[in-house]
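Right, I'll just put the structure down here and ask away after.
The values are calculated or read from the model by the stated rules, or taken from the named source; none is laboratory data. Please read these numbers as outputs of a predicted model, since none were measured by experiment. No Cβ is skipped: glycine too gets one built from the backbone with ideal geometry, and neighbour counts run over all protein chains shown. The accessibility values were calculated without ligands, DNA or RNA, using every heavy atom of the protein model including side chains. Shrake-Rupley method; radii C 1.70, N 1.55, O 1.52, S 1.80 Å.
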Amino acid sequence: MSIRCTVESAFFIAWSCLEKSGELGPPDATANMLLDAIEAQLRTGERRQLMLANRAIDAYRQQMAQGHISATHRIHLG
């Protein structure tokens, strides 16, 4: 599987999880945060989609808890 497909799959898993849990923040900030977390892991050699997604979700939640992403701008879809 190509790196592009791996990133897309990991991003979709993370985004879907945050969306379903109601934790999805501002779309641009959320997307950037998730992609940055996934990219950092790729640089260390991680290629497992689920691991990439789970660690990106953890990093996102840490950023939310620290106030780096505004919780007041959360969106709820569906």
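What number of residues within the stretch 46-71 are open to solvent by less than 50 Å² (accessible area, probe 1.4 Å) and within 20 Å of E8 (Cα to Cα)?
Here the count works out to 7.
Are any residues in the stretch 1-48 in a helix (DSSP H, G or I) and among the acidic types (D, E), and if so, which ones?
Hits for the stretch 1-48 are E8, E19, D28, D36, E39.
When you look at L34, is it open to solvent by less than 30 Å² (accessible area, probe 1.4 Å) and within 13 Å of A53 (Cβ to Cβ), yes or no? Quick ask: steps written out before the conclusion?
Values: open to solvent by less than 30 Å² (accessible area, probe 1.4 Å): yes; within 13 Å of A53 (Cβ to Cβ): yes.
Yes, satisfied.
Moving on. Could you please find all residues in the stretch 9-31 being open to solvent by less than 30 Å² (accessible area, probe 1.4 Å) and of a type in the set (A, V, I, L, M, F, W, C)?
Residues satisfying the conditions are A10, A14, L18, L24, A31.
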